[in-house]
Amino acid sequence: MKKKLFFLITIIIFLIIVVIIFYKNMSKISKIGHTNNSQEIVENILNISSYSATINVKVISNKNENQYIIKQEYQSPDINSQEVIEPSNIAGTKIIREGNKLTLENTSLNLSSIFENYQYISSNNLDLSTFIEDYNNDDQSKYEEKNEEIKMYTSSDDCKKILYIDKKTGLPTQLEIKHTNKKNEVYILYNEVKIK
């Protein structure tokens with residue numbers, strides 16, 4: 001009788017342990033594979049603490065069209081930098097913003113300028129952190145889900161912005177900026193995005 005009772009208790013304990021392990025593994029799998037939840041993906045974008053990306057930028061104005069390749073880095077709350085990689089005539093130009101200090105550098109020409117309390121310091125529309133700030137400050141901001149993509153809409157001052165996010169990866173793929181008063185349009189394609 002004691003042997004049967006001992007055996008029964010051992011089996012029950014073993015089953016409880018198996019159920020606990022199974023439950024923990026399933027919750028990990030569901031958290032990892034849960035990137036299809038649009039609300040969660042949008043929240044992750046809005047709560048980025050740092051990121052780095054290489055972007056292709058196309059600027060279309062009334063008179064011409066320009067294309068750039070830029071490397072961006074951001075660290076919360078207010079440190080970001082952008083370095084022009086192409087075109088070659090301005091390659092190496094860096095714009096570094098830390099709080100109210102703006103530094104312009106050109107590594108190939110060995111030049112550096114620092115501006116304190118620069119009044120246009122927060123008007124960098126090419127930066128993902130600016131989009132996030134605009135989205136959080138705009139009462140009309142919204143997002144929608146289409147197939148494997150999420151579109152986040154916001155506007156600020158004189159421009160409307162749309163950020164495209166891949167639902168599978170949860171990463172930005174494109175940002176469109178359209179100025180309403182001027183006929184300027186900016187298209188940004190995100191390459192090699194790393195978010196922390």
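Return the residues of segment 41-61 that are in contact (Cβ under 8 Å) with a residue 12 or more places away in the chain and assigned to a helix (DSSP H, G or I); say none if nothing qualifies.
Answer for segment 41-61, where residues must be in contact (Cβ under 8 Å) with a residue 12 or more places away in the chain and assigned to a helix (DSSP H, G or I): 41, 42, 44, 45, 46.
Within segment 67-74, can one find any residue that is farther than 28 Å from residue 135 by Cβ, at pLDDT 85 or above and not aromatic (Phe, Trp, Tyr)?
Pass one, segment 67-74, residues farther than 28 Å from residue 135 by Cβ: none.
No: segment 67-74 contains no residue that is farther than 28 Å from residue 135 by Cβ, at pLDDT 85 or above and not aromatic (Phe, Trp, Tyr).
This table checks each residue for (1) modelled with pLDDT under 80; (2) open to solvent by 20 Å² or more (accessible area, probe 1.4 Å); (3) assigned to a loop (DSSP other than H, G, I, E, B); (4) within 27 Å of residue 93 (Cα to Cα).
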site	(1), (2), (3), (4)
122	yes, yes, yes, yes
139	no, yes, yes, no
153	no, yes, no, no
170	no, no, yes, no
176	no, yes, no, yes
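Just give me the residues in segment 62-72 being open to solvent by 40 Å² or more (accessible area, probe 1.4 Å), closer than 17 Å to residue 177 by Cα and either outside any strand (DSSP E or B) or in contact (Cβ under 8 Å) with a residue 40 or more places away in the chain (or both), in sequence order. Reasoning before the result, please.
Going residue by residue through segment 62-72, those that are open to solvent by 40 Å² or more (accessible area, probe 1.4 Å) are 62-69, 71.
Add one more test, that the residue is closer than 17 Å to residue 177 by Cα, and what stays is 62, 64-69.
Matches in segment 62-72: 62, 64.
The values are calculated or read from the model by the stated rules, or taken from the named source; none is laboratory data. Everything quoted here is computed from the prediction, not taken from an experiment. With ideal geometry, Cβ positions are generated from the backbone for all residues, glycine too; neighbour counts draw on all protein chains shown. For the accessible areas, the whole protein counts, side chains as well, though only heavy atoms, and no ligand, DNA or RNA atoms are used. Shrake-Rupley method; radii C 1.70, N 1.55, O 1.52, S 1.80 Å.
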